[in-house]
There are 2 protein chains.
Amino acid sequence: MADFTKAGRQFELRVPGFRAAGAAAGIKKNGKKDLAVIVSDSPASVAGVFTTNTVKAAPVLLDMKRIRKGLASGLIVNSGNANACTGKEGMRNAEAMADMAERALGLKKGSVLVASTGVIGVPLPIEKVEKGLPFLSRSLGYEGLGPAAEAMMTTDAFPKKTVMKTKLGGVEITLAGIAKGAGMICPDMATMLAFFFTDARIKAPALSKALKAAVDRSFNSIIVDNDTSTNDTVLAFANGAGNGGEIKEGTREFDSFAGLLTAASTELAHMIVKDGEGATRFVEIEVSGAASEHDARKAARTVAESYLCKTAFFGGDPNWGRIIAAIGRAGVKMREERTIVSFNGVQVVLKGLDTGREKEAARAMKKKELLVLVDIGAGRGAARVWTTDLTYEYVKINSAYRT
Amino acid sequence: MADFTKAGRQFELRVPGFRAAGAAAGIKKNGKKDLAVIVSDSPASVAGVFTTNTVKAAPVLLDMKRIRKGLASGLIVNSGNANACTGKEGMRNAEAMADMAERALGLKKGSVLVASTGVIGVPLPIEKVEKGLPFLSRSLGYEGLGPAAEAMMTTDAFPKKTVMKTKLGGVEITLAGIAKGAGMICPDMATMLAFFFTDARIKAPALSKALKAAVDRSFNSIIVDNDTSTNDTVLAFANGAGNGGEIKEGTREFDSFAGLLTAASTELAHMIVKDGEGATRFVEIEVSGAASEHDARKAARTVAESYLCKTAFFGGDPNWGRIIAAIGRAGVKMREERTIVSFNGVQVVLKGLDTGREKEAARAMKKKELLVLVDIGAGRGAARVWTTDLTYEYVKINSAYRT
């Protein structure tokens, strides 16, 4: 991978041709920012990846329809209300929200996408969206992605944002991403939203392909708990405002662009994992030696979702029996007699048997970051996922009766 | 179902033709009972259901092979060591354990089954089994199932045992069951073992069919956490010591027998759920209106395995958004606009929308037992599962470094 990952944070959070704003419209009761708009100076190619939950919030259903055109001019996002489980009224409100944004910003009908995050089952106060739009419209600016990221926050401890640049065919392109999500926290608000903006020139099908690959290796590889929100949405907008030529599939430029998008997605995904209020450790689980990448991912996910593994990570207990038992129930091919397990570099299992190095491993686990490597000896497939530990604090936060 | 479920506890724990004993052989460091044998006076029909974990402990592999004959004379069980992840030596030890029991008890070679539960990855101290057998052999008695149940305990707070009687074709049969398991506790020991003994006359294939149905509706319908042990084993022995005729598939007698086995299994399964040290609530989740029973079970399991639902159960929070989001990601057909959710009889969702009765539901949830009913409006399939809440205590117990 290129060197953009480290350099990324030094750039200003702005992308040629994209204006944004974020403000408090009164949807949140605490007076914090809760409404954002992002607009492209010219219609942008657009691609999206949405929640796989059967129950999809109204804005998700609307975006899934609108995105088929492959072009969009903007996005309106609110926090404080998810507009989920709100029936037909919810669908009308999602459409009204897009309409209002299009009128306020002078955009074509049907060209604005919508995202919502917050409480489930409560009607969206659409009149607050309407009242907030004139101010937002006046505030739009090329430095507005930061305030927009803040307006997406629910229980997030910090806004998630990144910007990266790379050269494609000698011409610099910029990619910015903003996200919200802190899965360990208040469940109704555990939605993950991530939006990318680039001045690269790329058509919607190619953009979609790059986005899907990036999401698989980043947002779909983090497991905070095992729940999927009704509102999860990832969108990418490419407006071609830069000087570069079109990025076509099957070229080196496409691979570089897809790599950039994956790096930005991974950075935001890690921020989401690290924002778990209840979490004390950031855990990377890497499974190799699987019969396929699919198997490796399944095995790694099963460990990351295991109650017993996650409590052992919290306790700093090199409990390899839990790891092997979890992978054993993942339903993947595994050669027990070849299995290797290590915690932060200390091998505790070799050829499926205890190495007697548990005390050493326990010492190595006393860090904020934990790397669990497992080789299951059945092939060459590998995958990694990121997760957190399961803590008292997680139970406390999530069992508190909502107020 | 017949009336045996309530009457069951009044009978003495003994079954004609089965002798048993349990004693301390020094496998456990705390001096508690850790070795049991159960012997049938004549070879018994036998059936088994085993862990679906890819990683299977040596005794499980041995039993899976031995059970194919459909006949067995006895069973030897130890606690304190799971003989799992112990390689070839583990397999040799499991076979040696059976051999020793056969010799000590004067039984035919290959006629004894084996079960182990306890720590993973540590070689079984087979010499302690050998030393313990003479005393066990002398102690065998018809009232020995109680001590045998105690010798199977690991972190169980109490031994699990039940005995039921019913009349089949005018002749009384007895069925006893003993089990161990307390899933919320120390993971290496979270194995579930359950053994049934009856004086009914039934051939192995029919016994196997009845046992599989019973296990599906009982042990496979409890979810304490989402982990499956490498050692889970359920066995049923039927020695025909009673005066009844053979129970054949497709008869009323078979249905009664299968019902009895299901009732006994369900009773033991509920005891296992209730024995979760960390648990404060016993939760029954019933999903109806699914396209199939399979879908209903999948939906109910997804709720029971959800971190967010389980913490809400702990907090007594009627958080129906979490229930709907969990079922939504279960991958089953669901009609959101017809969905109904109730907590302990208080409907919080009707036609997919909030009924405004959350405060009432929160009051209704202030009980040790919680019934969650969900109708997903897509068909006539129904299923129920039993689980517990996710508590501080669970995290505490499971994150403690093993000593």
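Where a number appears in this text, it was derived from the coordinates with a stated rule and is not lab data. Bear in mind that the values here come from a model prediction, so they are computed numbers and not experimental data. Cβ coordinates were reconstructed from backbone atoms using ideal geometry, including for glycine residues, and neighbour counts include every protein chain displayed.
Summary table below
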| quantity | calculated |
| --- | --- |
| Sequence-separation-based contact order of chain B, relative, with Cα cut under 8 Å and 6+ spacing, percent | 17 |
| Residues with amide H under 5 Å from that of residue A:166, placed H, sequence gap 5 or more | A:173 |
| Set of aspartates and glutamates near residue A:33 by C-alpha distance (under 17 Å), chain-local residues within fewer than 8 positions excluded | A:127, A:130, A:143, A:150, A:156 |
| Gyration tensor verdict on region A:16-69 (Cα atoms; rounded if a/c is under 1.5, prolate if a/b is larger than b/c, oblate otherwise) | oblate |
| Residue mean of other protein chain beta carbons inside 10 Å, A:51-57 | 6 |
| Rel. contact order, % - alpha carbon contacts under 8 angstrom, at least six apart, region A:282-399 | 45 |
| Mean Cβ neighbour count within 10 Å, used as a protection proxy, ranking B:375-381, A:168-174 highest first | B:375-381, A:168-174 |
| DSSP-defined antiparallel bridges as percent of all bridges, region B:142-290, nearest 5 | 70 |
| In Hz, Karplus ³J(HN,Hα) per residue of region B:48-56 (6.51, -1.76, 1.60; θ = phi - 60°; x = Gly, Pro) | x, 10, 10, 3, 8, 4, 4, 8, 10 |
| ³J(HN,Hα), Karplus 6.51/-1.76/1.60, whole Hz, each residue of region B:256-269, x for Gly, Pro | 5, 4, 4, x, 4, 5, 5, 5, 5, 5, 5, 4, 5, 4 |
| Pseudo-label separations to other copies for residue A:333 - Cα-to-Cβ vector, 7 Å, nm | 3.5 |
| Under-5 Å amide H pairs with residue B:348, H placed in peptide plane, nonlocal only | B:341, B:342, B:343 |
| Label-point separation in nm, residue B:209 to residue A:396, each point 7 Å along Cα→Cβ | 5.6 |
| Within the protein assembly as shown, percent of DSSP bridges classed antiparallel, to nearest 5 | 70 |
| Gyration tensor verdict on region A:282-399 (Cα atoms; rounded if a/c is under 1.5, prolate if a/b is larger than b/c, oblate otherwise) | oblate |
| Max mean-square fluctuation residue, GNM over chain A, Cα-Cα springs under 10 Å, options A:325, A:25, A:94 | A:325 |
| Spatial separation of Cα centroids for region A:91-127 and region B:198-227, in angstrom | 53 |
| For residue A:368, inter-copy label distances in nm, listed shortest first [label point 7 Å out on the Cα-Cβ vector] | 4.4 |
| Under Karplus coefficients 6.51, -1.76 and 1.60, residue-wise ³J(HN,Hα) of region B:235-251 in Hz, glycine/proline x | 10, 10, 10, 10, 9, x, 6, x, 9, x, x, 5, 8, 10, 4, x, 10 |
| Exercise: per-residue mean of other protein chain Cβ atoms within 10 Å, A:311-319 | 5 |
| Per-copy distances of the residue A:135 label point, shortest first, in nm (7 angstrom along Cα→Cβ) | 7.9 |
| Packing rank of A:58-66, A:244-252, B:155-163, where each peptide gets the mean count of other beta carbons within 10 Å, highest leading | A:58-66, B:155-163, A:244-252 |
| Between 0 and 90°, nearest 10: helix A:293-305 axis offset from chain A longest Cα axis | 90 |
| Sum of -39500 (n - 2.57) over DSSP H runs of 4+, divided by residues of chain B (222 nm, nearest 500) | -10500 deg cm²/dmol |
| Fluctuation leader among B:373, B:353, B:235 - chain B, Gaussian network, Cα springs under 10 angstrom | B:353 |
| Inter-probe distance in nm under a simple model that places probes 7 Å from Cα toward Cβ, at residue A:294 and residue B:89 | 3.9 |
| Interchain or long-range residues, amide H under 5 Å from residue B:232's placed H | B:51, B:192 |
